[in-house]
Amino acid sequence: MTYHDYKRKNGTQTSAFGAPGRINHDSSKFYNSKLYEGLNNGKDVEYVENPIEPQNINKVFCKSSEAMTELPNNSVHLMVTSPPYNVGKMYDENLSLKEYRELLKRVFKETYRVLVPGGRACINIANLGRKPYLPLHSYIIEDMHALGFLMRGELLWDKGSSASPSTAWGTYLKANNPVLRDVHEYILVFCKDTFTRLNPRKRKSTISKEEFLEFTKSVWKFSAERASKVGHPAPFPVELPYRLIQLYTFEDDVVLDPFVGSGTACIAALKTKRNYVAYDIDKNYCDLAEQRIKQFLTEKQQIEKTTAEKFIELYNKKFDTLFVVKKISDNPDVICEDLTGGELNLEITLTEDRPRDIKALLGRSEHKSLEYAKKYGLGPASSLSGNVSEQAYNRIGEKMVKNYGTNVALVVWDASPLDWNWDTETKNLAKKLLLKYSQNPFDKGVWILSAFQNKIFRVL
Ligand SMILES: C[S@@+](CC[C@H](N)C(=O)[O-])C[C@H]1O[C@@H](n2cnc3c(N)ncnc32)[C@H](O)[C@@H]1O
């Protein structure tokens, strides 16, 4: 099937006054208008996807991304990157604007080559200077168009108070020369050849409803990352690639960062069960990226191990069984065994800051519970972000059942220190919401492990 075969269902038409908020909207009249005449609006191409050699997948290559020889044509599903800024950071060369644009063009030309049809390219960029202001984002848009990319939109990342725009406001309270202080950056979104990415291998989307509603808005607000914390002068926060990955890729897809720095995009890819390929020209940053990736994986396993051990201890007490943790793996997270060879598989995830709402059980885990986890000693936890919800049911659940039969329990580790009555309201509400989803695939139940109460509760 090609993009143009992709049939639009009957919908509304563009009105003379615009029509916000429509789903299934037939806008062919608008796109056939003179405004769009002569513009590149995509090609009729077959979907092709070539595999990357196994030894080159989930790798950071310490070399320039101007030639990504390790990657075949049509092999990457998403590029997410923040290019060097050429402003005298340690890794920046002193390039003229023309040379700088040429460098980026070489890398993005390669990106075009390696992206699958419909694959997306997302570029995080801030503008520079004031005298005059250098609109790098607009140069990049121009250059990406020249390379043949189709533009899909522009996100404004509102960095809020974390932007610390200082007091460089020019003439204070006077109109002589007041200067704007940027508290935002851009994320420019492009795609190759067609707007719709086909998915012949039927990989899963993993974005939740809440995330979809939030991430499709054109202004994003979250804090910047502290350079000193990461050890790189200009890291982006994991949230940035995380959102783009959730929105634009399926599970098991390949994510590329051609300017990977401290490896943030790789961590976001691992968190979301995607693969990564990355490049950086600086050996120190390649090492830093490797080290952060390793740390992420170690912490993830450690946290799963501690949680599983605690859960099994309480489970044994409750049911008079003798299970022990046998193996920490990936799918499922933990395999437990008893003396008779009986198996119990565990899938482990963390809850969000509970008292706020039922997202504690159903939503994405957030920093609060990670903080609690660290503070209240169930092991180091700077990593886990799981979805106990529709996704858990449709995605983890389905996979579990396929690979391991039905002998699986989902353990939701509630790491917050507040006394929350899982037994009553939460349990009931959880039941009501969860039962809306497809049949519960976790035959051994969905359990809450309350660190605070040192108890386990079966909620489903
Ligand atoms: C803005 S930083 C990326 C930061 C990254 N997003 C993170 O979270 O750490 C840009 C990176 O591009 C790298 N770089 C510069 N020129 C390069 C090239 N030709 N090929 C690959 N990497 C390059 C620099 O070493 C630097 O680490």
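The values are calculated or read from the model by the stated rules, or taken from the named source; none is laboratory data. What you see is a predicted model, and the numbers here were worked out from it, not measured in a lab. All Cβ positions, even for glycine, are placed from backbone atoms using ideal geometry, and neighbour counts span all protein chains on display.
Odds and ends about this structure:
- Residue in segment 84-91 that is at pLDDT 90 or above and either within 16 Å of the ligand (Cβ to nearest atom) or exposed (fewer than 10 other Cβ atoms within 10 Å of the Cβ) (or both) present: yes
- Residue among Ser138, Ser161, Ser166 that alone is within 20 Å of Val219 (Cα to Cα), of a type in the set (Gly, Ala, Ser), away from the ligand (no atom under 16 Å from the Cβ) and modelled with pLDDT under 90: Ser161
- Just one of (1) in contact (Cβ under 8 Å) with a residue 24 or more places away in the chain; (2) among the aliphatic types (A, V, I, L, M); (3) more than 12 Å from the ligand (Cβ to nearest atom) fails for Leu39. It is (1).
- Among the residues of segment 110-133, those identified as assigned to a strand (DSSP E or B) and within 16 Å of the ligand (Cβ to nearest atom) are Ala121, Cys122, Ile123, Asn124, Ile125, Leu128.
- Residues satisfying the stated conditions in segment 213-229, i.e. within 16 Å of Tyr242 (Cβ to Cβ), loosely packed, with under 12 Cβ neighbours inside 10 Å and in contact (Cβ under 8 Å) with a residue 40 or more places away in the chain: none
- Residue count for segment 306-327 under the criterion of being in a strand (DSSP E or B) and either crowded, with 17+ Cβ neighbours inside 10 Å or out of contact with any helix residue (DSSP H, G or I) (no Cβ under 9 Å at 6 or more places or on another chain) (or both): the result is 3.
- Test for Ser75: is it away from the ligand (no atom under 14 Å from the Cβ) and either farther than 20 Å from Cys191 by Cα or among the hydrophobic types (A, V, I, L, M, F, W, C) (or both): no
- When the test is whether a residue is loosely packed, with under 15 Cβ neighbours inside 10 Å, touching a residue at least 24 places away in the same chain (Cβ under 8 Å) and within 15 Å of the ligand (Cβ to nearest atom), Ala67 passes it.
- Considering the conditions (1) surrounded by fewer than 21 Cβ atoms within 10 Å (Cβ to Cβ); (2) in contact with a Leu (Cβ under 6 Å, 6 or more places away or on another chain), Ala146 is excluded by exactly one of them, (2).
- In the condition set (1) over 20 Å from Gln246 (Cα atoms); (2) assigned by TED's automatic domain parsing to the domain that holds Ala234; (3) away from the ligand (no atom under 16 Å from the Cβ), Ile312 is compliant with all but (2).
- Scan of segment 214-235 for residues that are of a type in the set (D, E, K, R) and within 19 Å of Val260 (Cβ to Cβ), ordered by number: Glu225, Arg226, Lys229
- Only residues that are over 21 Å from Ile293 (Cβ atoms) and of a type in the set (S, T, N, Q) were counted in segment 54-88, giving 4.
- Just one residue in the set Lys202, Lys217 is over 30 Å from Asn345 (Cα atoms), part of a loop (DSSP other than H, G, I, E, B) and away from the ligand (no atom under 16 Å from the Cβ); that residue is Lys217.
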